[in-house]
Amino acid sequence: MKEVADGVFVHRHAELDLTTGLVLGADRAVVIDTCGDRAQGAALAAAVRRVTALPLTVVLTHGHFDHCFGTAAFPPGPVLAHPGCRAFLARTADGQRAEWVARYRAEGRADLAAALGRSAPVLPAAAPASLELGGRTVELIACGPAHTDHDLAVHVPDGDVLFAGDLVESGAPPDYGDAHPSGWASVVAALPRASVTVPGHGEPMDPDGVAAQLAELREVAGLVSAVAAGELTTAEARARSPHPGVAW
Ligand SMILES: [Zn+2]
């Protein structure tokens, strides 16, 4: 775990280049995302316990399996997310598992396929707007439709850090699989500005990195409007996309 501000940690994972977080208060700590299966979640929980013995609250940025299927490995405690996350997981968890078990098997990664096959998400409760950790308050920002219909960002104002989940990514294009591309840019534009923005995958970003990604999301939103207005075909729009080859 790397400390990016006082009591604010970022943990990078080899699998899918996932990035998770830990925020310490005087009385409680918050874990942000729990990895993609119970075994990876247990490894993350052990890494958390090397940093703190505080009671833990888990906050999920969204319901894609790689961010939340490891929750059951954590000690019993609150699990919070956007109000829409619970229904999304109830609806999609089995499908997500089946899709990725097949994908890992096809890639010859039997261990990961087996670990995911044994994992099920803990269904989260609706997050309040903020959490008091003892001498520190974190803001839980439930966003409008963007990367998914239930994205949640975690702002640590006194550390000047924002955990943005997959609303931003570094080192890879945004994932549009469940996305709402026409609204995504305005959601990112409305997020609090922070010195350090932690993406769902990849290295923490500075404000210039976030601004660059916002510009690309705006470009995609413009292309989507042009398709809706009949000015471009979908194929023409995708050919002009800042993320060539990424479907949206
Ligand atoms: Zn995602």
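The values are calculated or read from the model by the stated rules, or taken from the named source; none is laboratory data. Note that the coordinates shown come from a computational prediction; the quantities given were computed from them, not determined experimentally. Neighbour counts run over all protein chains shown; Cβ positions are idealised from the backbone, glycine included. These accessible areas exclude ligands, DNA and RNA; they are computed on the full protein's heavy atoms, side chains included. Shrake-Rupley method; radii C 1.70, N 1.55, O 1.52, S 1.80 Å.
Couple of notes before you dig in:
- The equivalent ellipsoid that matches the C-alpha gyration tensor of the chain spans semi-axes of 29, 22, 16 angstrom, in descending order.
- Heavy-atom accessible surface of PHE69, to the nearest 10 Å², is about 0 Å², with a 1.4 Å probe and all protein chains retained.
- Think of the chain as a dipole: +1 on every Lys or Arg Cβ, -1 on every Asp or Glu Cβ, centred on the Cα centre; then among CYS35, VAL198, THR234, CYS35 lies furthest on the positive end.
- Whole-Å distance, taken between Cα centres, linking the range 111-153 and the range 164-188: 16
- Relative contact order %, the chain, counting alpha carbon pairs below 8 Å whose residues are six or more apart: 16
- Share of carbon and sulfur in the accessible area of the chain stands at 54%, probe radius 1.4 Å.
- Pairs of Cα atoms nearer than 8 Å and 6+ residues apart set the relative contact order; for the range 98-185 it is 19 percent.
- With the largest listed first and rounded to whole Å, the semi-axes of the equivalent ellipsoid of the range 1-103 from the Cα gyration tensor are 23, 15, 11.
- Per residue, the accessible area of the range 1-68 comes to 34 Å² when a 1.4 Å probe rolls over the protein heavy atoms.
- Largest to smallest principal axis extent of the C-alpha atoms in the range 113-248, angstrom: 54, 39, 26
- In the context of the full set of protein chains, residues of the range 149-241 present 41 Å² of accessible surface per residue (probe radius 1.4 Å, heavy atoms only).
- Computed extension gain for ASP6 through THR137, at 0.36 nm per residue and net of the alpha carbon distance, reaches 45.8 nm.
- Residues listed by number, the range 136-180, amide nitrogen under 14 Å from ARG109 label point at 7 Å toward C-beta: none
- Gyration tensor verdict on the range 159-208 (Cα atoms; rounded if a/c is under 1.5, prolate if a/b is larger than b/c, oblate otherwise): oblate
- Once C-alpha pairs closer than 8 Å and six or more residues apart are averaged by separation and normalised to the residue number of the range 163-248, the relative contact order reads 33 percent.
- Hydrodynamic radius (Kirkwood) for the range 181-239, which is based on Cα pairs only, to one decimal in Å: 12.6
- Based on the reciprocal of the average 1/r between different C-alpha atoms, the Kirkwood radius for the range 111-167 equals 13.5 Å.
- Computed over protein heavy atoms with a 1.4 angstrom probe, the accessible surface ordering of ASP37, ASP206, ASP111, largest first, is ASP111, ASP206, ASP37.
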